[in-house]
1. Would you point out the residue of region 84-93, among those that are modelled with pLDDT under 90 and in contact with a helix residue (DSSP H, G or I) (Cβ under 8 Å, 6 or more places away or on another chain), that is surrounded by the most Cβ atoms within 10 Å (Cβ to Cβ)?
2. Going by the conditions given, is LYS24 surrounded by fewer than 23 Cβ atoms within 10 Å (Cβ to Cβ), in contact with a strand residue (DSSP E or B) (Cβ under 9 Å, 6 or more places away or on another chain) and not β-branched (Val, Ile, Thr)?
3. Consider region 94-125. How many of its residues are loosely packed, with under 13 Cβ neighbours inside 10 Å and closer than 19 Å to GLU172 by Cβ?
4. For ASP93, work out the one condition from (1) of a type outside the set (Lys, Arg); (2) closer than 26 Å to PRO33 by Cβ; (3) not in a helix (DSSP H, G or I) it doesn't fulfil.
5. Considering each of GLY59, GLY49, GLY44 in turn, give the residue that is surrounded by fewer than 17 Cβ atoms within 10 Å (Cβ to Cβ), within 25 Å of GLY136 (Cα to Cα) and not basic (Lys, Arg).
6. I'd like the full set of residues that are touching a residue at least 12 places away in the same chain (Cβ under 8 Å) and aliphatic (A, V, I, L, M), limited to region 196-219.
7. Name the single residue that is nearest to THR63 (Cα to Cα) among those in region 90-109 being in contact with a strand residue (DSSP E or B) (Cβ under 6 Å, 6 or more places away or on another chain) and not aromatic (Phe, Trp, Tyr).
8. Only residues that are small (Gly, Ala, Ser), modelled with pLDDT under 95 and not in a helix (DSSP H, G or I): list them for region 1-35, please.
Amino acid sequence: MAINKFSIIAHRNHEICNPISQEKLRATLDHIPFSSGEKVLDIGAGKCGVLIDLIERHGVVGTAIEIEADFIDAARNYADQRIGPGRLRIVNDDAKKVMNDIDGVFDAVICLGATHALGNYRLTLEKMSEVVKPGGYLLVGEGYWKKEPEAAYLEALGATKEELLTHHANIEAGVDLGLIPMWAHVTSEDEWDAYEWLYSSSMEKYCLENPDDPDVAAMRDRIRKWRSTYLRWGRDTLGFGLYLFYKS
């Protein structure tokens, strides 16, 4: 199976590839006093739904970093339909490389569910802090443990307990860097279910529609194991939070 093929197919019907509602995300972003012409960077921007919405509503200048060509194609289609050409810059490259070479500062920096692209959550906060101006904002979407993860759950995920923090520790990580926490939202069970069932059903439908794809058997097995893992452990153990920080 090609690298990331599974994720691209499973997310094909998601506008935002994170388990949080558009309403809750907008409510968090509304705590940032955007002005027309301000520069906003989105790391791991996916289909760029967040940046396109901000450009529509506030007239910001958007820069997206995204490595997946399929997501970029979707983003360009959204941009053409909603904001027209020339208002969104998309950098199709590895986020680590781009962040090391980036020139200038931004009024706001966003990274939603993509901290792995820069290594981990703490490293991502550090990199974001380096490119946001004093008086600017950082918005991070990150997972957290709602309770101690069972060993069987970690094994099913292929993960370690140390890969995520708690909700409180996610906020304190920003405080440790001198950032001021301004707002936080966490994903509800309904939001998690909506995300996971769309993820699952998108893959199941693809497998039914494309029986000649040589990867179908592997993808069907993978999504069913993933769904079972979510229902058995993930729904009660894994959280997702939005964390808004201010750089003084």
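The values are calculated or read from the model by the stated rules, or taken from the named source; none is laboratory data. Note that this is a predicted model, so its numbers are computed, not measured. Note that each Cβ is placed from the backbone with ideal geometry, even for glycine, and that neighbours are counted across all protein chains shown.
1. ARG87
2. Here the answer is yes, as LYS24 does meet what is asked.
3. Number of matching residues: 0.
4. (2)
5. Answer to the check: GLY59.
6. LEU198, MET203, ALA218, MET219
7. This residue is ILE90.
8. ALA2, SER21
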